[in-house]
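Here's the structure we're looking at; comments come further down.
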Amino acid sequence: MTVKTIILAAGQGTRMRSAMPKVLHKVAKRSLLQHVYDTSKLIDENNIIIIYGHGGELVKQTLSEFDAQWVEQKEQLGTGHAVLQADSLIDNTDTVLILYGDVPLLSKQSIDSLLVNVTEQSMALLTVNLDDPTGYGRIVRDASGKVLKIVEQKDASEEEQKITEGNTGILAVKGEQLKSWISQLDNSNAQQEFYLTDVIEMAVNDGIAIKTSQPDYVDEVLGVNNRKQLSHLERVYQSLQADKLMEQGVTLLDPARVDCRGSFASLGQDISVDINVIFEGNNSIGNNVSIGANTMINNSMIADNVEVLANCIIDNAVVGAGSRIGPFARLRPQAELAEQVHVGNFVEIKKSTVAQGSKINHLSYIGDATIGSKVNIGAGTITCNYDGVNKFRTVIEDGAFIGSDTQLIAPVTVGKNATIGAGSTITKSTPDEKLSLSRSKQISIQGWQRPVKKEQ
């Protein structure tokens, strides 16, 4: 079965009160349209067509990596008119799936339930039962339960408005039938728009059965029209991600206060995650890992038995087994820590490798450095890697001890088992096994008087 998925993404979204097209607003750091596209890509033998309109060039530019055909709807004259723009791309033998670029949480399972209902004698429609169906088109059925038509809210009679089964707009149908019906649409309605929903009554008149199915939960089919709805779907999405993590054995101390805005290449056993932790990008987390509160982890690999204390940022970094990070530590891109490394409070590491058993416990900046094993770096140490134009590398060999408040002016190498005295500014490479330091001579001035503040 060849599927043509038409994603309607031309709406302006005026209620968002934003200069940005509605479909580019984000849930979990992915645009609404990206969510719909990603789900569509899970369908076998599927070709995707995106109908764009308001801000369309920005949408196309932002999502240029999509494997899709883009079709412009120059005037927004309704959903039926939007689908009509893709008429020339639809073959008679296609199964056409209609999705919406502002409905991000629709599941593959719900799509599958639609597609199996599409035959030469039937089309498929996704409906939803609502306590309050205000704003939804109503599904009108006969006494036997057969679908007769869909009536939009503004066109519905008083009796029809009492119907609680609403139309999601999501449907699937054979291409030949859809092409025939959308060519017959007119705009004789309260909105003076070409409604896609009118094809339901046309199908009934042509003897085509309307087979309905429903999503597992209502939030799957909710669209975004304003910031409140966007916020609601963000929390729904995060709740689903938290459930998935716990199903995979991750302990979340408060599932409502963990956000997953990406994916996991792998998850080990006995992972514990404290509150207000954010995962972004694609991460790998090993066994027996503890992640402290208020921590962000992005595109990183964390090995077994790592302890990440509170208030850390780990961004495009690698943390070796048995290491301890934080609190208040920042690992920037290309920071690679081997096993049993300790990185303490207010330490920042960027584009550096740190070998096994080394410690950087306090208030230091390590940038563009190669640090050997069992190195101890004292508080306030800085690798001065940038001269205002170029970056240079610092090498600290195995067993070195760097005293507190040291500045290492790159390019420079500290020898194996060398010691750097506290308060030094090192501008030349230092030998193995020796103490190196640079300090001005300490003096005390006789007869010195502390300044006194002058009276006004």
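The values are calculated or read from the model by the stated rules, or taken from the named source; none is laboratory data. What you are looking at is a predicted structure, and each value in this text was computed from that prediction instead of being measured. Counting neighbours? That spans all protein chains shown, and the Cβs are built from the backbone with ideal geometry, glycine included.
Here are a few things to note about the model shown:
- Being assigned to a loop (DSSP other than H, G, I, E, B), crowded, with 22+ Cβ neighbours inside 10 Å and touching a helix residue (DSSP H, G or I) at 6+ places or on another chain (Cβ under 9 Å) is a condition met by at least one residue of region 15-24.
- Residues in region 360-380 that are in contact with a Gly (Cβ under 8 Å, 6 or more places away or on another chain) and either in a strand (DSSP E or B) or among the polar types (S, T, N, Q) (or both): I360, N361, H362, S364, S373.
- Some residue of region 29-43 being crowded, with 17+ Cβ neighbours inside 10 Å, basic (K, R) and not assigned by TED's automatic domain parsing to the domain that holds S239: no
- Within region 327-351, the set of residues being outside any strand (DSSP E or B), touching an Asp or Glu at 6+ places or on another chain (Cβ under 8 Å) and surrounded by 24 or more Cβ atoms within 10 Å (Cβ to Cβ) comprises just one member, A329.
- Top-ranked residue in region 121-136 [being more than 16 Å from P215 (Cβ to Cβ) and in contact (Cβ under 8 Å) with a residue 24 or more places away in the chain; ranked as surrounded by the fewest Cβ atoms within 10 Å (Cβ to Cβ)]: Q121
- Which numbered condition L58 fails, given (1) crowded, with 22+ Cβ neighbours inside 10 Å; (2) outside any loop (DSSP other than H, G, I, E, B): (1)
- Whichever residue in region 207-217 is more than 13 Å from D112 (Cβ to Cβ) and not polar (S, T, N, Q) and, among such residues, is surrounded by the fewest Cβ atoms within 10 Å (Cβ to Cβ): G207
- Scan of region 190-213 for residues that are of a type in the set (S, T, N, Q) and over 35 Å from the mean Cα position of the chain (by Cα), ordered by number: Q191, Q192, N205
- Meets criteria (surrounded by fewer than 16 Cβ atoms within 10 Å (Cβ to Cβ), over 25 Å from N316 (Cα atoms) and of a type in the set (D, E)) for E220: no
- Considering residues of region 413-442 that are among the hydroxyl-bearing types (S, T, Y) and out of contact with any Leu (no Cβ under 8 Å at 6 or more places or on another chain) only, the residue surrounded by the most Cβ atoms within 10 Å (Cβ to Cβ): T430
- Only listed residue being in contact (Cβ under 8 Å) with a residue 40 or more places away in the chain and farther than 22 Å from S436 by Cα, chosen from A335, A321, A410, A355: A355
- Listed by first and then second residue, the pairs linking a residue in region 234-252 that is free of Cβ contacts under 8 Å to residues at least 40 places away in the same chain to a residue that is part of a helix (DSSP H, G or I), with Cβ atoms under 7 Å apart and 6 or more places separating them unless they lie on different chains, are A242/P255; M246/P255; L252/A242; L252/L245; L252/M246.
- Enumerated strands (runs of 3 or more DSSP E) restricted to region 253-301, each holding at least 3 residues that are touching a residue at least 12 places away in the same chain (Cβ under 8 Å) and aliphatic (A, V, I, L, M): 258-267, 277-285
- Flag if Y386 is within 29 Å of P333 (Cβ to Cβ), exposed (fewer than 13 other Cβ atoms within 10 Å of the Cβ) and touching a strand residue (DSSP E or B) at 6+ places or on another chain (Cβ under 8 Å): yes
- Enumeration of residues in region 92-137 that are charged (D, E, K, R), over 30 Å from the mean Cα position of the chain (by Cα) and within 24 Å of G13 (Cβ to Cβ): D132
- G447 vs. criteria on the phi > 0 side of the Ramachandran plot, modelled with pLDDT under 95 and in the same structural domain as T353 (by TED's automatic domain parsing): no
- Which numbered condition K22 fails, given (1) in contact (Cβ under 8 Å) with a residue 24 or more places away in the chain; (2) farther than 25 Å from F194 by Cα: (2)
- Residue check: E201 meets all listed conditions (1) farther than 25 Å from M16 by Cβ; (2) in contact (Cβ under 8 Å) with a residue 24 or more places away in the chain; (3) out of contact with any strand residue (DSSP E or B) (no Cβ under 6 Å at 6 or more places or on another chain) but one, namely (3).
- Filtered residue count, region 74-89, keeping only those that are assigned to a loop (DSSP other than H, G, I, E, B), of a type in the set (A, V, I, L, M, F, W, C) and surrounded by 20 or more Cβ atoms within 10 Å (Cβ to Cβ): 1
- Criterion violated by K146 - all others in (1) crowded, with 19+ Cβ neighbours inside 10 Å; (2) touching a residue at least 60 places away in the same chain (Cβ under 8 Å) satisfied: (1)
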